[in-house]
Amino acid sequence: MKRRSTKQRETVYMALMSLYHPTAEEVYEKLRAECPSIGRATVFRNLSVLAEEGRAVKLFFPDEVARYDGNVDGHYHFVCRRCDAIIDLPATQKLPLPVSDAFTVEQQEINFYGLCRECHRKIEQ
């Protein structure tokens, strides 16, 4: 469902696009520095609307608060277990899913976990 665009939503969207897999709180902190009058609820609500509209993706990682991704093109994520970095990986292909009347696939999320190059180097030294 596409809602009427608002100036606040576009401001939240632009902040999201300038950050890399931020939490809602990180988006709020960035905007608050630029616009002290913006409310936390406004930012959180507009991030939810952006995700509903398909202009952002809400990401869930184990033991983490939700994060948002402004890159809605199909891709995967690599999460470093040591430094918590989240790195975009190209999706080489979409997985075929059986289609039935019982469900509709709205989002596919594939995450890989391990050590990023920098953390791997630190361990090897």
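The values are calculated or read from the model by the stated rules, or taken from the named source; none is laboratory data. Keep in mind that this is a model prediction, so the values were computed, not measured. Note that each Cβ is placed from the backbone with ideal geometry, even for glycine, and that neighbours are counted across all protein chains shown.
Scanning the range 20-33 for residues that are surrounded by fewer than 17 Cβ atoms within 10 Å (Cβ to Cβ) and closer than 17 Å to Ser48 by Cβ yields Thr23, Glu25. Could you check the range 54-70 and list, in sequence order, the residues that are exposed (fewer than 15 other Cβ atoms within 10 Å of the Cβ) and either under 16 Å from Val27 (Cα atoms) or not small (Gly, Ala, Ser) (or both)? Of everything in the range 54-70, those that are exposed (fewer than 15 other Cβ atoms within 10 Å of the Cβ) and either under 16 Å from Val27 (Cα atoms) or not small (Gly, Ala, Ser) (or both) turn out to be Phe60, Pro62, Asp63, Glu64, Val65, Ala66. If the condition is being modelled with pLDDT of 95 or more, hydrophobic (A, V, I, L, M, F, W, C) and closer than 14 Å to Ser48 by Cβ, then the range 1-19 contributes Val12, Leu16.
Scan the range 33-49 and tell me whether some residue there is of a type in the set (Asp, Glu), in contact (Cβ under 8 Å) with a residue 40 or more places away in the chain and more than 17 Å from Ile87 (Cα to Cα).
no
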